[in-house]
Structure formats: C-alpha cells, structure tokens
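Encoded as structure tokens, the structure appears first; notes follow it.
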Amino acid sequence: MSLEGAIAVTRFGLGAKDGEIKQASRAPKDWLLGQLRPNNSSHAAFKDLRPSDEIYSFSRQYKTARKTMDGDALTAASRVYGKAVRQNFNAEVTARSLYAAQTDTPFHERLTRFWSNHFSVSARNRNTRLFPGAYEREAIRPHILGSFYELAISAIFHPAMIIFLDNDSSVGPNSKRGRKNNIGLNENLAREALELHTVTPAAGYTQADVTEFAKALTGWRIARKTQDSQKQGQITFQESSHEPGSRSVLGKLYEEKEAKQALAILKDLCARPETAQNISHKLAMHFVSDEPPKALVSKLKKVFVKTEGDLTALYTALVNSPLAWAPKAQKIKTPEELIISTARLIGLEKVMSERPRDTYDSLAQVPFTAPTPEGWPDTAKDWLGPDALIKRIEWANELASRMPDIDGRSFLKTALGRQLSPQTLQAVSRAESGQQAFAMALMSPEFQRR
C-alpha cells in the first residue's frame with residue numbers, strides 16, 4: 001500500500017473500506033478519475049424514496065384539507081402529517097448514509113455532497129422539511145459532471161430551492177397578478193444566488209442588482225395543478241406573475257424575454273471570473289486545506305474559465321495537481337464525515353444507533369439541516385470548539401462501549417494505511433482495554449483528519 005493510495009481514499013474519498021487503500025494504491029489518480037462517470041442514482045438505498053412532485057402533492061393535500069378542519073380533527077390530522085414528515089426525513093437520512101457507507105465511487109459521492117452543500121437547501125425551514133433528500137437526488141447527483149451552469153440551473157430552479165428561498169411567493173409588483181392582488185417581490189433567491197452560489201460580493205454588485213435579478217426571477221413557481229404537460233409539483237413559468245420590462249444586472253442590459261430573462265442573467269453570472277474564483281477556492285479548501293495554496297486556486301480558476309465551467313475538467317485538474325497531494329492531512333473531518341468514514345470500515349449498522357438521525361444529532365450535524373443557506377461550515381475552527389470536541393469524545397467512547405471486540409490497531413491500519421504514525425500506533429497498543437484502544441483509535445489525530 002502506498003501513501004498516495006491512502007490519500008486518495010481518505011482525502012478525496014469518504015474513508016477506507018476494507019482493502020480499498022490497497023486497490024487505490026495501484027494507480028491512485030486513475031482510481032479517482034475513473035469515478036468521474038455518470039453514477040447510478042437508482043441504488044437500492046434510494047429505491048423507495050419519493051420524488052419531489054409526489055412530496056409536493058402530499059403536502060398540498062394536507063394544507064388544503066386542514067382548512068376545512070378544526071378541533072380534534074385538525075389535531076389528529078396534524079399528528080398524522082407530522083409523523084409522515086418525520087418518517088420521510090429519517091428514511092432519507094438512512095438511505096443517504098447507507099449509500100455513502102457502501103459506495104464503490106466515494107470520490108463521486110464526496111463531490112455530490114460538496115455541491116449539495118454549496119447549493120444548500122435545509123430542512124430547518126418548515127416548508128422544506130420533506131424536500132432536501134429528493135432535491136439532492138434530482139438536482140445535484142445527475143449534474144455534477146457537466147457544466148457549472150447546468151448544475152446551477154438544476155439546483156436554483158428546483159422546487160426545493162424555489163420554496164426554500166421563497167421565490168414561490170415572489171410576484172412582480174407590476175405583473176398582472178401583482179397588480180390584482182397587491183403582492184410584492186421577494187429577493188431571497190436572487191440575493192443568495194449572487195452572494196453564495198455564483199459571483200460573491202467580490203463582483204461588486206449592488207442592492208439594485210439584487211432587486212433587478214429578483215424581478216427577472218418572478219414567475220418561476222411550482223405548478224399547483226396538473227395540466228397539459230406540466231405535473232403538480234414541478235417547476236413552471238407563470239407569465240402573469242412575472243415583472244415586465246428589461247433588467248440591468250452588473251452593468252448588462254437584459255431585454256424582456258420573460259422566462260428566458262432569468263436564465264440569461266444566471267448564465268452570465270456563472271461565466272464571470274468572480275464565480276470561477278469562488279468555486280475554485282471552495283473546491284480547493286474542501287479537498288486540500290482550510291487555507292488552500294494560492295497556486296492551486298489559480299490553476300483551477302484558469303481551467304474553469306478556459307472550459308467555461310466544465311466540472312469534470314475542474315476535478316481532473318484538482319486530482320492531477322501535486323499541490324493536492326501533500327503528505328500531511330490538513331482537513332478536520334466534519335461530524336458526518338467522521339461517522340461515514342467509520343461506517344465504511346465496520347458497517348453502518350454498528351455505527352448508528354436505532355435511528356441514524358440520533359447518531360448525527362449527538363455530534364450536532366444532522367444531514368439536510370444546515371443552519372443557513374450558506375450550508376455547513378468547512379473549516380476546523382467551526383468543528384473543533386470545546387463543546388464539539390467533547391461531543392466527539394463522548395461519541396467515540398459510546399461506540400467503543402458497544403464494540404469492545406474491535407481491535408483498535410487493526411482498525412487504524414486498515415483505515416489509514418501509511419498515514420498512520422508509529423506514535424499513534426504505539427499509544428493505542430498501550431491502552432488498558434480493547435474498548436479504550438478503539439476509542440483512542442477513533443479520536444487519534446490521523447483518523448480525525450482527512
């Protein structure tokens with residue numbers, strides 16, 4: 001086994017399965033690049049999960065029915081609906097965890113999760129509790145190998161994002177519907193698309209640019225009924241809600257083309273150098289270091305610009321850069337990464353409590369519940385505060401108490417390969433019990449990093 005093989009599996013992947021470092025060591029870069037192919041989103045773990053249009057219809061039925069209820073009937077209906085929401089959420093978390101623990105294309109899955117976090121939709125919003133799992137399967141997974149623009153369209157114009165950032169309730173003030181019902185503009189989607197998803201404040205956009213983009217986005221809503229070729233719960237463009245007129249964003253004029261107006265603006269945002277810088281820095285920060293080498297970010301930016309945001313070309317440049325293969329691991333695993341990397345080696349059923357959500361909750365990172373539209377943080381300072389460290393120690397001790405027969409030394413050798421230091425191996429070897437040895441292995445500096 002080579003050091004490069006261990007880096008490929010732990011830094012670019014999700015943590016080692018038994019024998020995976022040996023497999024990757026034959027040709028580490030080829031092992032990674034071979035995963036850049038369309039993936040099978042119909043994996044058995046996902047087969048019984050509901051698509052977003054069904055979820056939307058289910059939610060609408062409940063909201064419509066409750067208008068005719070009161071008293072005990074309303075309480076009972078709310079209880080049934082709440083239970084269904086929880087069951088759906090737990091099923092999504094379990095399926096996502098199972099897939100990550102078992103997949104043979106962990107680099108592909110890490111990229112999926114990177115983009116799902118970049119275009120974050122959180123179940124913390126009461127209107128989106130049912131949607132994040134379907135959103136990731138529909139908007140993110142199938143599009144991470146194409147162009148950034150294609151991925152951005154898929155994410156931003158998905159029902160989950162439209163609901164999460166309130167574009168479903170955004171109406172042009174001078175549109176037919178706006179004038180009739182005195183409904184106004186909501187700027188949330190436009191603001192986050194500029195600030196987080198594409199150019200960032202580095203582009204120097206103004207409040208006027210946010211407002212203009214928000215006006216262009218009006219009319220993009222979710223179909224309330226099934227008619228013609230449109231199904232209830234799918235994205236549609238409602239001309240009667242669209243703000244008429246041309247728009248000016250970042251100094252460029254966009255003529256009135258109704259539905260195409262917002263797409264034209266987004267396409268230009270995706271092609272700007274500030275977007276290339278944003279994506280290149282985030283990608284390098286995620287895979288290499290909290291403060292990634294400037295030369296690596298610059299290289300990725302050049303590839304992004306040259307290929308017009310070809311994501312596969314971007315990943316290839318990352319993998320082929322010597323700057324991404326520094327021997328010392330720089331990134332602290334997030335709680336979710338810590339859980340999955342453990343599960344890939346000893347099995348998900350051993351790592352998780354009765355409900356996977358409870359295990360994630362014990363480490364304060366439940367999937368699909370990022371605290372803000374910015375997604376989960378990705379630096380050590382956000383995950384290694386005193387309280388967070390205590391939670392990790394408690395988690396390691398609890399898991400070790402349930403798995404006292406796991407050999408901590410063998411676990412680390414298989415999980416880390418040549419990344420394991422003699423000092424750590426010696427410390428674990430001196431543990432007073434097998435339980436203590438496994439807990440020490442889980443909390444070892446090498447296993448806590450990737």
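The values are calculated or read from the model by the stated rules, or taken from the named source; none is laboratory data. What you are looking at is a predicted structure, and each value in this text was computed from that prediction instead of being measured. No Cβ is skipped: glycine too gets one built from the backbone with ideal geometry, and neighbour counts run over all protein chains shown.
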Go through segment 421-450 and give me each residue that's loosely packed, with under 15 Cβ neighbours inside 10 Å and basic (Lys, Arg). 430
When segment 255-272 is checked residue by residue, the ones that are of a type outside the set (Lys, Arg) and in contact with a Phe, Trp or Tyr (Cβ under 9 Å, 6 or more places away or on another chain) are 258, 259, 261, 262, 263, 264, 265, 266, 268, 269, 270, 271
Of the residues in segment 37-59, those that are in contact (Cβ under 8 Å) with a residue 40 or more places away in the chain and not in a helix (DSSP H, G or I) come to 37, 38, 39, 41, 43, 48, 49, 50, 51
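Is it the case that residue 62 is without any contact (Cβ under 8 Å) to a residue 60 or more places away in the chain and in contact with a His (Cβ under 7 Å, 6 or more places away or on another chain)?
No, not satisfied.
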Of all residues being loosely packed, with under 14 Cβ neighbours inside 10 Å and not in a loop (DSSP other than H, G, I, E, B) in segment 378-389, which is nearest to the chain's Cα centre (by Cα)? Just the residue, please. 382
For segment 309-333, how many residues are part of a loop (DSSP other than H, G, I, E, B) and closer than 15 Å to residue 442 by Cβ? 1
Any idea which residue in segment 287-342 is surrounded by the fewest Cβ atoms within 10 Å (Cβ to Cβ), counting only those that are among the small types (Gly, Ala, Ser) and over 22 Å from residue 3 (Cα atoms)? 295
Counting only residues that are touching a helix residue (DSSP H, G or I) at 6+ places or on another chain (Cβ under 7 Å) and either at negative phi or loosely packed, with under 14 Cβ neighbours inside 10 Å (or both), how many does segment 225-256 have? 13
Against the definition (among the charged types (D, E, K, R), assigned to a helix (DSSP H, G or I), touching a Lys or Arg at 6+ places or on another chain (Cβ under 6 Å) and under 22 Å from residue 323 (Cα atoms)), how does residue 110 come out, yes or no? no
Segment 349-377, residues that are part of a loop (DSSP other than H, G, I, E, B), touching a helix residue (DSSP H, G or I) at 6+ places or on another chain (Cβ under 7 Å), at pLDDT below 95 and of a type outside the set (A, V, I, L, M): 353, 355
Flag if residue 298 is hydroxyl-bearing (Ser, Thr, Tyr) and in contact (Cβ under 8 Å) with a residue 24 or more places away in the chain: no
